[in-house]
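Nothing in this text is a laboratory measurement; each read-out follows from the coordinates by a stated rule. What you are looking at is a predicted structure, and each value in this text was computed from that prediction instead of being measured. Neighbour counts are summed over all protein chains in view; Cβ atoms, including those assigned to glycine, are modelled from backbone coordinates with ideal geometry.
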Amino acid sequence: MEHIRSLKGDCLSIPRLYHTDYNDTTINITVIAYCHILDVDNDSISDGKEIKGYTVKIIVGWKDDGTPISRMRYIEPNELDPLTPYANKTGVYTDSDEDGIPDIAESMLSNRSKWDDFKANYPDLWSEYSWI
């Protein structure tokens, strides 16, 4: 199938190739393939990863010599919603590294230029986690 493209060369049409996953949910596998570069909710996690699930390396401790102790954690597809930053479809914020601090708080507070946006758009999280 020939794709329709914008003047910049971005693909504007996607063929309809469907696959049924283990939950008997019909999904468009071609859309997932194209979603690897899209991030609709701007949470720095591609929509394709949010739909398919992905593995992250998390630090669970430190050795005496200062090197991190890490393990791999699989983020299930239902843990994230591609339309809601750092949350699942029920609105519960994710905590990828399981440290009790939601990923959105860690992300927003790790960048000083995002603090005002975080405080304005997530006042409940700001008041609970701005001490980080």
Under 5 Å, built H, 5+ apart or other chain: amide partners of Ile75: Tyr54, Thr55, Val56
If the label point is 7 Å along Cα→Cβ of Asn111, which residues in the stretch 88-105 have backbone nitrogen under 18 Å from it? 94, 96, 102-105
Taking amide H atoms as placed 1.01 Å from N in the peptide plane, list the residues 5 or more away in sequence, or in a different chain, whose amide H sits under 5 Å from that of Asp39. Asp47
Shape call, the stretch 70-111: gyration tensor on alpha carbons, a/c limit 1.5: oblate
